[in-house]
Amino acid sequence: MAAIRDGGADAVLAASIFHRRIHSIAEVKAAMVAAAARVVCLVDHSKVGLSQLCRFATLDLVDVVVTDSGLEQDLADELAAAGPEVIRA
């Protein structure tokens with residue numbers, strides 16, 4: 001399982017893309033996602049809808065996105081439509 005924590009995803013574009021500002025770190029995160037049988041991403045709601053320089057995964061590769069209750073339901077639905085289960089805690 002790859003657990004990508006908040007510091008690992010600088011932005012989540014609701015259309016389905018995770019980004020990271022530092023290319024070498026994005027490569028490591030991409031390798032983690034590729035090798036994992038299950039991918040869980042923990043991300044603060046304020047990063048949803050943003051974009052950054054380096055993409056490391058698409059949401060169809062993510063099993064679960066865990067975020068805080070600040071994420072609006074329509075954005076949670078968009079994320080879920082891209083593939084992962086979305087948990088707002």
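What are the residues whose amide H is under 5 Å from the amide H of VAL48, where those residues sit 5 or more places off or on another chain and H is modelled from the backbone?
The list, which skips near neighbours in sequence, is VAL12.
What does the charge add up to near LEU75, with Lys and Arg as +1, Asp and Glu as -1, over the other residues with Cβ less than 14 Å from its Cβ?
That sum, taken over residues with Cβ under 14 Å, equals -4.
Given H placed 1.01 Å from N in the peptide plane, which residues other than close sequence neighbours of CYS41 have an amide H under 5 Å from its amide H?
For CYS41, whose amide H was placed from the backbone, the distant partners under 5 Å are ILE4, VAL64, VAL65, VAL66.
List the residues of the range 57-76 whose backbone N lies under 18 Å from a point placed 7 Å from the Cα of VAL28 along the Cα-to-Cβ direction.
Counting only backbone N, you get 57.
Quick query: amide H of ALA57 versus all other amide H atoms, modeled in the peptide plane; which residues come in under 5 Å with a sequence gap of 5 or more or a different chain?
For ALA57, whose amide H was placed from the backbone, the distant partners under 5 Å are PHE18.
Read-outs: derived from the displayed coordinates by stated rules, not from any lab. Nothing here was measured: the structure is a model prediction, and the numbers come from that model. Because the Cβ atoms are built from the backbone with ideal geometry, glycine has one as well, and the counts that use them run over all protein chains shown.
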